[in-house]
Amino acid sequence: MFKDNSKKRLFEVMQRVNPNFKPMLNENIISNKHGVTTVDQPIIPDAIKVISKNPNVVEFRDKQSFDDFANQQKYFSASYSHAFYTPEERQEWSRNGNQYTDPDSENSILVFETGHEIVQVWDNKNSIGYVIPSESLK
């Protein structure tokens, strides 16, 4: 009960500070200090929820088309991240000396731009990918 009240209070404070603040139901999907909606941990389903809502996103259903388009993008400061399907899988990866146990996670792609904005995601398990063209970030 205390945890629920403290979260409610935090949301009230955040809305006073930023009237556009909207709490997410999933604690891994956050609004960072730059006002970017992103993920705290590199969890693929959460990243897909965030990137798929971007009006400039391009969706792909085949890996080769995704790769061809993604490789043409020139972001200011892109960084690649390991990708996982669950927080538990990420914890297991850390315990195993950074060794993947799920080949789909190992073959998935998650790319962030400056400010931790998600700009590319390939979900290998579900064969779907999203790319925000670099021109839309200018």
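The values are calculated or read from the model by the stated rules, or taken from the named source; none is laboratory data. This one's a predicted model, so the numbers in the text were calculated from it and none came from an experiment. No Cβ is skipped: glycine too gets one built from the backbone with ideal geometry, and neighbour counts run over all protein chains shown.
Would you be able to say whether some residue in the range 96-110 is at positive phi and assigned to a loop (DSSP other than H, G, I, E, B)?
Yes, some residue in the range 96-110 is at positive phi and assigned to a loop (DSSP other than H, G, I, E, B).
Counting just the residues of the range 78-88 that are in a loop (DSSP other than H, G, I, E, B) and among the hydrophobic types (A, V, I, L, M, F, W, C), which one comes out surrounded by the fewest Cβ atoms within 10 Å (Cβ to Cβ)?
Out of the qualifying residues, it is A78.
I'm checking my understanding of the structure. Among residues of the range 89-138 that are farther than 18 Å from D62 by Cβ and among the hydroxyl-bearing types (S, T, Y), which one is surrounded by the most Cβ atoms within 10 Å (Cβ to Cβ)?
S105
Can you name the condition, by its number, that F69 falls short on among (1) of a type outside the set (D, E, K, R); (2) more than 14 Å from I128 (Cβ to Cβ); (3) modelled with pLDDT of 95 or more; (4) surrounded by fewer than 18 Cβ atoms within 10 Å (Cβ to Cβ)?
All conditions pass for F69, except number (2).
Six or more apart or on different chains, Cβ atoms under 8 Å: show the pairs whose first residue is in the range 40-61 and on the phi < 0 side of the Ramachandran plot and whose second is β-branched (V, I, T) and part of a helix (DSSP H, G or I).
If the second residue must be β-branched (V, I, T) and part of a helix (DSSP H, G or I), the pairs left are V57/I51.
Specify the residue that is surrounded by the fewest Cβ atoms within 10 Å (Cβ to Cβ); the eligible residues are those in the range 35-65 that are over 17 Å from the mean Cα position of the chain (by Cα) and outside any loop (DSSP other than H, G, I, E, B).
By that ranking, first place goes to Q64.
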